[in-house]
Ligand code: GLN
């Protein structure tokens with residue numbers, strides 16, 4: 001049974017959507033009993049009953065679109081539902097709609113969507129970030145209290161930071177990927193975008209855990225801190241600070257540059273250096289965490305400077321394999337006429353994939369070609385292991401009992417070097433090269449398989465700035481405790497037209 005959405009809520013959604021275009025598809029009806037809203041309790045995901053949520057359009061929900069932001073799949077309706085969504089539905093939450101994304105999750109702005117452009121609720125001339133930009137914008141605008149996204153190299157945390165909401169990338173395997181259309185399987189997770197840390201915790205509690213349909217999924221190990229029974233009184237923690245300075249110095253030594261459109265050379269070091277407002281936001285976070293009683297210590301991870309090349313080598317290699325299934329035979333749009341099977345595949349992919357997707361498939365095929373794996377792919381895997389080991393030395397590891405004495409309970413890092421950027425005319429855009437180089441701060445959590453929680457710390461020029469805390473594998477509870485205590489002292493801001501519909 002279903003009933004129409006209450007008029008005030010529907011009008012609110014329509015008004016926001018006309019400006020931000022976060023949704024690819026939005027339902028007109030709610031399940032019976034969803035309204036009026038009852039204040040949810042806060043325990044074990046039970047507090048989700050009656051709440052609408054949004055789902056990135058690369059995560060399957062039966063009967064809904066599963067476009068992945070691509071022309072190729074624009075007309076596809078999903079015949080099944082992802083495990084994470086099923087668990088939320090079992091907890092009483094319901095899907096309001098599917099949100100926009102960079103095609104197959106490839107990008108940092110959501111402008112790589114072949115379907116539509118999503119705008120940032122704080123300033124509609126700017127991007128919402130990506131690739132889960134639609135989900136982040138929908139939460140920031142108050143259309144939904146939480147949304148699902150996917151994070152392969154930062155795609156939950158970066159748009160969360162651009163839109164001023166909470167963004168959790170869980171430990172690798174903590175949430176089932178069944179029903180997530182694969183981009184780079186060894187790096188990615190379904191992640192959570194939420195209006196508050198407490199909400200993020202409820203959602204995570206509801207959707208985590210081993211799923212027989214995803215062999216890489218697992219329950220938290222017995223030694224992991226419990227998600228509830230948290231200590232928000234602020235028992236002091238040791239927080240490692242990975243400063244942008246240390247990383248920038250290391251980057252400057254890497255001769256990775258590219259000719260920009262203006263004829264000047266863009267370098268990775270320039271692209272990864274924090275703009276002043278983001279640096280200030282990072283400093284605010286440090287001051288406040290210290291004031292909350294935590295001990296901050298400077299840490300370094302020298303191999304981090306190779307994180308972006310390693311990430312793009314591995315991500316594109318996996319993408320070239322994962323996207324091979326889109327051949328026009330099994331899914332999506334196919335040409336009206338083809339001479340033979342190869343011609344069918346060629347024409348499907350030529351017309352169906354956008355330029356960024358084609359670029360990445362080509363790059364992935366290049367790094368994997370016969371005789372060259374050692375030069376690119378295997379070298380990237382070695383860097384990945386090095387980065388992972390460095391984090392384990394700092395944090396300890398939930399997986400290996402030989403674990404060294406951990407020095408830090410969490411590591412504080414920037415999320416992205418800039419606030420939400422514009423689209424060219426305003427001059428404040430970012431080149432595709434700079435967008436990739438700027439993934440440095442987010443992609444290491446994916447390379448190392450660690451959980452990371454992004455949260456807003458300040459506003460500058462009317463735009464949110466976020467930071468992130470990384471933890472050892474399956475230490476989501478520690479990160480959520482730290483950020484929830486932070487939020488109690490420094491509540492998160494909302495855009496001017498925001499209205500709170502959710503208890
Ligand atoms: N910006 C990164 C990329 O383009 C991250 C994408 C993601 O996490 N899905 O690959």
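The values are calculated or read from the model by the stated rules, or taken from the named source; none is laboratory data. Just so we're clear, the structure is a prediction, and the values are computed from it rather than from any experiment. Please note: Cβ atoms are built from the backbone with ideal geometry, for glycine as well, and neighbour counts cover all protein chains shown.
Couple of notes before you dig in:
- Restricting segment 293-303 to residues that are more than 14 Å from residue 244 (Cβ to Cβ) and surrounded by 17 or more Cβ atoms within 10 Å (Cβ to Cβ), the residue that is nearest to the chain's Cα centre (by Cα): 303
- Options 114, 141, 160; residue that is surrounded by 24 or more Cβ atoms within 10 Å (Cβ to Cβ) and away from the ligand (no atom under 13 Å from the Cβ): 141
- In the set 128, 93, 141, only one residue is in contact with a strand residue (DSSP E or B) (Cβ under 8 Å, 6 or more places away or on another chain) and under 21 Å from residue 462 (Cβ atoms); that residue is 128.
- Taking the listed residues 136, 91, the one that is more than 13 Å from the chain's Cα centre (by Cα) and farther than 23 Å from residue 308 by Cα is 91, with no other qualifying.
- Residue list for segment 312-330, filter: surrounded by fewer than 17 Cβ atoms within 10 Å (Cβ to Cβ) and away from the ligand (no atom under 16 Å from the Cβ): 324, 325, 329, 330
- Test result for residue 304, within 13 Å of the ligand (Cβ to nearest atom), closer than 23 Å to residue 374 by Cα and part of a helix (DSSP H, G or I): no
- Of all residue pairs spaced 6 or more apart or on separate chains, those with beta-carbon atoms under 7 Å, a first member in segment 354-372 that is over 21 Å from residue 68 (Cα atoms) and touching a residue at least 40 places away in the same chain (Cβ under 8 Å) and a second member that is in a helix (DSSP H, G or I) and within 13 Å of the ligand (Cβ to nearest atom) are 367/313; 367/316; 367/317; 368/317.
- Qualifying residue in segment 196-215 (condition: part of a strand (DSSP E or B) and within 16 Å of the ligand (Cβ to nearest atom)): no
- Candidate set from segment 168-189 (those that are within 11 Å of the ligand (Cβ to nearest atom) and assigned to a strand (DSSP E or B)); member that is surrounded by the fewest Cβ atoms within 10 Å (Cβ to Cβ): 180
- Restricting 110, 124, 118 to residues that are in contact with a helix residue (DSSP H, G or I) (Cβ under 8 Å, 6 or more places away or on another chain) and free of Cβ contacts under 8 Å to residues at least 60 places away in the same chain narrows the list to 110.
- Among the residues making up segment 441-477, those that are under 15 Å from residue 159 (Cα atoms), part of a helix (DSSP H, G or I) and touching a strand residue (DSSP E or B) at 6+ places or on another chain (Cβ under 9 Å) are 441, 442.
- One residue stands out among those in segment 430-440 that are crowded, with 18+ Cβ neighbours inside 10 Å and assigned to a loop (DSSP other than H, G, I, E, B): the one that is nearest to the ligand (Cβ to nearest atom), which is 439.
- Condition check for residue 62: modelled with pLDDT of 95 or more and closer than 26 Å to residue 495 by Cα: no
- Residue that is nearest to the chain's Cα centre (by Cα), among those in segment 461-482 that are within 16 Å of the ligand (Cβ to nearest atom) and under 19 Å from residue 297 (Cβ atoms): 468
- Segment 79-107, subset touching a helix residue (DSSP H, G or I) at 6+ places or on another chain (Cβ under 7 Å) and on the phi > 0 side of the Ramachandran plot, residue nearest to the ligand (Cβ to nearest atom): 107
- Residue match in segment 447-460 (condition: within 16 Å of the ligand (Cβ to nearest atom), at positive phi and surrounded by fewer than 24 Cβ atoms within 10 Å (Cβ to Cβ)): yes
- All of (1) part of a loop (DSSP other than H, G, I, E, B); (2) more than 14 Å from the ligand (Cβ to nearest atom); (3) within 21 Å of the chain's Cα centre (by Cα); (4) under 28 Å from residue 435 (Cα atoms) hold for residue 61 with one exception: (4).
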